[in-house]
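Structure, as structure tokens:
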Amino acid sequence: MGVGIADGIGLVAREEGCADDFVLTVETGPVGGITSQGVAFGANVNTRAILDMTSQFDFYHGGGLDVCYLSFAEVDQHGNVGVHKFNGKIMGTGGFIDISATSQKIIFCGTLTAGSLKTEITDGKLNILQEGRVKKFVSELPEITFSGKIALERGLDVRYITERAVFTLKQDGLHLIEIAPGVDLQRDILDKMDFSPVISPDLKLMDTRLFTDSTMGFTLPDATH
């Protein structure tokens with residue numbers, strides 16, 4: 001699990017009662033437990049173990065991850081992801097490359113736009129109160145941190161999840177497979193991207209349970225195996 005919007009997964013899992021059905025790790029060494037959020041990210045509560053960072057990366061390099069959840073800064077039409085250089089600034093990669101290069105499944109998390117984006121959920125629908133100033137889905141990246149081409153060659157399952165749309169990576173680029181209830185496909189998604197994704201013929205709404213205040217009743221499909 002990487003820093004950013006994905007750091008809340010552990011808390012959601014605890015709310016849903018399934019946090020013990022899988023093991024979260026953070027590159028700083030924690031194994032299991034609930035990840036801290038924001039500036040405290042890197043520390044876990046109720047960990048099962050704590051490794052030194054080099055041992056944790058040995059585990060990653062050895063292919064120990066079933067799935068990773070990483071934030072993104074920018075995504076291009078080829079499924080490439082940029083996190084280390086955007087908006088003219090170099091931010092660095094952290095453990096992003098090590099984690100994404102060896103996971104069997106990759107989930108990128110973020111918002112469709114950035115810069116003063118304001119949303120709310122009412123009556124089970126997503127309402128965009130103020131659109132972000134910056135598009136995060138761009139035609140080409142200035143520099144690539146994660147290669148969509150290499151991911152396809154490896155046969156990986158790659159998803160890009162935002163607050164209003166979900167994409168998956170295929171040979172012909174990004175496919176839009178889910179949209180949030182309450183948003184307009186053209187106005188709120190396609191017009192806020194610098195390229196046109198392939199619209200899945202099976203395009204569907206995101207799970208409506210995501211847009212309520214109650215728990216989702218979520219369980220892992222193979223939690224009992």
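The values are calculated or read from the model by the stated rules, or taken from the named source; none is laboratory data. This is a predicted model, so every value here is computed, not measured. No Cβ is skipped: glycine too gets one built from the backbone with ideal geometry, and neighbour counts run over all protein chains shown.
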> Across the range 179-225, what is the number of residues that are farther than 24 Å from ALA114 by Cα, at pLDDT 95 or above and among the hydrophobic types (A, V, I, L, M, F, W, C)?
Replying inline: 1
> Only one of (1) at pLDDT below 90; (2) of a type in the set (Ser, Thr, Tyr); (3) within 15 Å of ASP7 (Cα to Cα) is not met by THR93, so which one is it?
Replying inline: (3)
> Can you tell me how many residues in the range 204-225 are outside any loop (DSSP other than H, G, I, E, B) and touching a helix residue (DSSP H, G or I) at 6+ places or on another chain (Cβ under 8 Å)?
Replying inline: 0
> in contact with a His (Cβ under 9 Å, 6 or more places away or on another chain) and not basic (Lys, Arg) - does that describe any residue in the range 172-187?
Replying inline: yes
> Before we move on, is ILE121 closer than 18 Å to GLY2 by Cα and aliphatic (A, V, I, L, M)?
Replying inline: no
> How many residues does the range 5-31 hold that are surrounded by 16 or more Cβ atoms within 10 Å (Cβ to Cβ), of a type in the set (D, E, K, R) and touching a Leu at 6+ places or on another chain (Cβ under 6 Å)?
Replying inline: 0
> Across the range 99-125, which residue is surrounded by the most Cβ atoms within 10 Å (Cβ to Cβ) among those that are in contact with a Ser or Thr (Cβ under 6 Å, 6 or more places away or on another chain) and among the hydrophobic types (A, V, I, L, M, F, W, C)?
Replying inline: LEU112
> From LEU126, LEU176, which residue is assigned to a strand (DSSP E or B), over 18 Å from the mean Cα position of the chain (by Cα) and at negative phi?
Replying inline: LEU126
> Does VAL183 qualify as being under 25 Å from VAL81 (Cα atoms) and either touching a Gly at 6+ places or on another chain (Cβ under 6 Å) or assigned to a loop (DSSP other than H, G, I, E, B) (or both)?
Replying inline: yes
> When you scan the range 32-50, how many residues do you find that are in contact with a Ser or Thr (Cβ under 8 Å, 6 or more places away or on another chain), surrounded by fewer than 17 Cβ atoms within 10 Å (Cβ to Cβ) and part of a strand (DSSP E or B)?
Replying inline: 1
>> I'm checking my understanding of the structure. Among residues of the range 59-105 that are part of a strand (DSSP E or B) and among the aliphatic types (A, V, I, L, M), which one is farthest from LEU156 (Cα to Cα)?
In response: ILE90
